[in-house]
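Derivation of every value follows stated rules applied to the coordinates shown; laboratory data play no part. It should be emphasised that the depicted structure is a prediction, and the values quoted were computed from it without experimental measurement. Here the Cβ positions follow ideal geometry from the backbone for every residue, glycine too, while neighbour counts run over all protein chains shown.
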Amino acid sequence: MLVKDIMHRETLTVSRGASLEEAYRLMQEKRFRHLPVLDEGRLVGVVTDRDLRQAMNEVGPERFPADAHVSDVMAEHPWTASPLDPVEDAARRMRELKIGCLPVVDDGKLLGIVTGIDLLDALLRLTGVDKPSSRIEVELEDKPGELSRLAHFFGSRNINIHSLLTYPDSPTQLRTVLRVGTIESRLLADGLRKEGFEVVWPPAKPWRT
């Protein structure tokens, strides 16, 4: 899955010379939290709802200083993504930089924007949660052939694997999370245990404190 598959293509933007009141009103009306800032069609910054909240007057009848503009509070030279970036690379960049969005740019042209919510939606799709399925979690030895052996178990029972994710649980162990096309997860877990697999979920016994 690539950034182009999850980004918002119809992106609201604001000019750097717009008033803070104008940017605030646009965010409130469209329920957005991030606005790319353009200058003569070129991306020059990003303004967020947090930037605007910090610029609000603490006292007085006006929400913002009358002479304040978007250019006064925006983040300049924002980090961007390419439409062909893998979504996991975009997620890692946003996490490392602690930012809430990435404008998507190609050859200097703003194509869209991707946010943290978009990445959560992508995670749901990648894990197959959006399809009727059951969750199976298995601990495997981190060595060649183990994933193949696990896949063969399901294939031999004519059960479709909707998604398969792995992550290292120790230097020698690999935690494997599957979404499979059946609701009989406990029967499958029993069958996996009989074949020698270490099943983490569903548990063999109810968890107790």
- Stretched out fully, how many nm does the piece from residue 120 to residue 2 gain, at 0.36 nm a residue minus the Cα gap? 41.1 nm
- Alpha-carbon radius of gyration plus Dmax, which is the widest Cα pair, for region 25-94 in Å: 14.7, 47
- Task: Count the net charge of all other residues whose Cβ sits under 15 Å from the Cβ of residue 125, scoring Lys and Arg as +1 and Asp and Glu as -1.
- Result: -2
- Item | Stretch gain in nm, segment residue 157-residue 195, where the contour uses 0.36 nm per residue and the Cα spacing is subtracted | 12.4 nm
- Task: Could you please state, rounded to a whole Å, how far the C-alpha centre of region 150-184 is from the C-alpha centre of region 7-55?
- Result: 43 Å
- Message: For a quick size check, give me the Cα extents of region 94-156 along its three principal axes, largest first, whole Å.
- Response: 49, 30, 24
- Note on the structure: Here the averaged projected area of region 59-209, based on the convex hull of its alpha-carbon atoms and given in nm², is 16.4 nm²
- Under 17 Å from the Cα of residue 109, which lysines turn up, not counting those fewer than eight places away in the same chain? 4
- Query: Taking the Cβ-Cβ separation of residue 165 and residue 143 as r and a Förster radius of 25 Å, what is the calculated FRET efficiency to the nearest 0.05?
  - Reply: 0.85
- Message: Please rank 105, 37, fewest neighbouring Cβ atoms within 10 Å first, as an exposure proxy.
- Response: 105, 37
- What is the gain in length, in nm to one decimal, between residue 135 and residue 21 on full extension, counting 0.36 nm per residue of separation less the C-alpha to C-alpha distance? 36.3 nm
- What angle, in degrees between 0 and 90 and rounded to the nearest 10, separates the Cα long axis of helix 185-194 from the longest principal axis of the Cα atoms of the chain? 50 degrees
